[in-house]
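Read the structure below first, then the notes.
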Amino acid sequence: MLERHPNGVLLLGVLGISISAILVRYSQAPSVITAVYRLGWTVVLLPVVLFKFRKELLQVRGRDVLMCTLSGICLALHFLTWFESLKWTGVAVSTVLVSTEVIFTALGFALFLKGKIPPLGVVAIVMAFGGSAVLALAGGGQDSVLYGNLLALAAAFFVALYTLIGRIQRGYLSTTIYTFLTYLACFLTLLIMALASGTPLVGYGAREWLIGLGLAVLCTLMGHSLFSWCLKFLSPAYVSAVKLCEPVFSGALAV
């Protein structure tokens, strides 16, 4: 049934991730802790994998585990850089810049996955790159804002890698297995980052746990998971392009 309406599922995913920037702005914990709580809740909320999909899980190849681990690391770096960017620059600017993942995704799709980008798409990418560069450098003389903008661009690059790997793996794995392995790798990566930096894992109050839960349900399970599902039916460049709607919703919510 859903296979007939991938665009509707994709739009629902965009609505889900649009809430992310707002929840992150509400958080007062270090960026890595906000990300750890988000992925921690996500992994906890996916126990269905151990029961309904245990047969497929046992048949997963080592190569797939490695690719999902790489995907999870990219997603962890995306969360870390983007969450941190929201502490240094505005919600609207950060969301616009992180949405430029479409540029990196489209180029990666064409160069490494033998995808085709129409001439009009090339023009759009060039225009988007130029606009993003201007926006990223528009720090108003404030080094802190420029730093936040560059972090958002880094987040766009990492999420593009995550999207491209997802395109490959969704040809072999179900959405549930792929997202479970990826989210687990992402959570463990963030946990290692937090421990390595000496950041305490607890002591931030119930508010931060609830923010993490909201991010897990609305933005990860109803956002990134739906995007992963769509990658089997739609090109990664198209999926990333539709995410450009996110700044509109995020900006409206921020106001």
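The values are calculated or read from the model by the stated rules, or taken from the named source; none is laboratory data. In this text the structure is predicted, and so the values were computed from the model without any measurement. Don't worry about glycine lacking a Cβ; one is built from the backbone with ideal geometry, like all the others, and counts go over all protein chains shown. Each accessible area value is taken on the protein alone, full model and side chains, heavy atoms only, with ligands, DNA and RNA left out. Shrake-Rupley method; radii C 1.70, N 1.55, O 1.52, S 1.80 Å.
Would you pick out the residues in the range 27-53 that are part of a helix (DSSP H, G or I) and open to solvent by 50 Å² or more (accessible area, probe 1.4 Å)?
Answer for the range 27-53, where residues must be part of a helix (DSSP H, G or I) and open to solvent by 50 Å² or more (accessible area, probe 1.4 Å): 41, 44, 47, 48, 50.
Taking helices (runs of 4 or more DSSP H) that do not extend beyond the range 54-116, which have at least 2 residues that are buried (at least 19 other Cβ atoms within 10 Å of the Cβ)? Give the derivation first.
Values: elements: 54-58, 62-85, 91-98, 101-112.
Answer list for the range 54-116: 62-85, 91-98, 101-112.
Taking interchain pairs and intrachain pairs at least six residues apart, which have beta carbon atoms under 8 angstrom, with the first residue in the range 218-231 and within 17 Å of residue 37 (Cβ to Cβ) and part of a helix (DSSP H, G or I) and the second charged (D, E, K, R) and open to solvent by less than 10 Å² (accessible area, probe 1.4 Å)?
Listed pairs, sorted by first residue: 219/38; 220/38.
Looking at the range 171-185, can you tell me whether even one residue there is touching a helix residue (DSSP H, G or I) at 6+ places or on another chain (Cβ under 7 Å), over 17 Å from residue 56 (Cβ atoms), open to solvent by 30 Å² or more (accessible area, probe 1.4 Å) and of a type outside the set (Lys, Arg)?
Checking the range 171-185: not a single residue is touching a helix residue (DSSP H, G or I) at 6+ places or on another chain (Cβ under 7 Å), over 17 Å from residue 56 (Cβ atoms), open to solvent by 30 Å² or more (accessible area, probe 1.4 Å) and of a type outside the set (Lys, Arg).
Can residue 24 be described as β-branched (Val, Ile, Thr) and either assigned to a loop (DSSP other than H, G, I, E, B) or within 17 Å of residue 192 (Cβ to Cβ) (or both)?
no
Test residue 185 against the criterion of being among the small types (Gly, Ala, Ser) and either closer than 24 Å to residue 54 by Cβ or outside any helix (DSSP H, G or I) (or both), and give yes or no.
Yes: the conditions hold for residue 185.
When you scan the range 1-26, how many residues do you find that are open to solvent by less than 10 Å² (accessible area, probe 1.4 Å) and either more than 26 Å from residue 89 (Cβ to Cβ) or more than 14 Å from the chain's Cα centre (by Cα) (or both)?
Counting residues in the range 1-26 that are open to solvent by less than 10 Å² (accessible area, probe 1.4 Å) and either more than 26 Å from residue 89 (Cβ to Cβ) or more than 14 Å from the chain's Cα centre (by Cα) (or both) gives 1.
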